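The values are calculated or read from the model by the stated rules, or taken from the named source; none is laboratory data. Computed from a predicted structure; not experimentally measured. Don't worry about glycine lacking a Cβ; one is built from the backbone with ideal geometry, like all the others, and counts go over all protein chains shown.
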Amino acid sequence: MIIRSLDDIRGTDREVNASTWVSMRLLLADDAMGFSFHVTTLFAGTETHMWYKNHQEAVLCIEGDGEIEDLATGEKHLITAGTMYALNDHDKHILRARTNLKMVCVFNPPCTGRETHDKDGAYPLLVDEPVTASGQG
């Protein structure tokens with residue numbers, strides 16, 4: 001059983017900061033759950049261009065107000081507490097935060113924790129090296 005709180009990971013390498021967001025990564029690939037689980041806050045007044053070409057992501061907004069724009073169609077959707085969206089087709093999108101947006105995110109394949117957005121707004125597909133019998137990766 002894995003038990004972790006946001007306070008447990010605050011200030012560790014599982015807290016990842018960027019210019020428009022902070023991500024608290026509660027479950028990662030090395031937890032061997034088959035997905036990663038994050039609580040991400042996007043900062044008020046920002047917009048973040050993203051394209052998870054190597055991952056699928058499902059997101060539940062639990063606090064705040066913003067919008068997501070699907071760059072393939074130009075469609076914009078209101079995001080408020082209780083709204084879920086799933087990027088089931090590796091959708092290029094922009095997330096705009098009117099207020100701080102607190103989001104619960106699940107990634108498949110799981111993130112390792114070392115990912116940062118590249119020039120495309122994507123996370124590279126990183127794979128943890130398997131641990132050998134000696135404990136070396």
Exercise for the section: Quickly run through the range 79-103 and pick out the residues that are in a strand (DSSP E or B) and within 23 Å of Ser19 (Cβ to Cβ). Expected result: Ile79, Tyr85, Leu87, Lys92, His93, Ile94, Leu95, Arg96, Ala97, Leu101, Lys102, Met103
Practice task
Would you check which residues across the range 18-43 are within 20 Å of Leu60 (Cα to Cα) and either among the polar types (S, T, N, Q) or in contact with a Gly (Cβ under 8 Å, 6 or more places away or on another chain) (or both) and list them?
Solution key: Thr20, Ser23, Arg25, Leu28, Ser36, Thr40, Thr41, Leu42
Exercise for the section: Tell me which of these Ala18 doesn't satisfy, since it passes every other one: (1) of a type in the set (A, V, I, L, M); (2) touching an Asp or Glu at 6+ places or on another chain (Cβ under 6 Å); (3) modelled with pLDDT under 95. Expected result: (2)
Completion exercise
Exactly one of Glu115, Glu75 is modelled with pLDDT of 95 or more and charged (D, E, K, R), and that one is Glu75
Practice task
Report, by residue number, each residue of the range 22-56 that is at pLDDT below 95 and aromatic (Phe, Trp, Tyr).
Solution key: Trp51, Tyr52
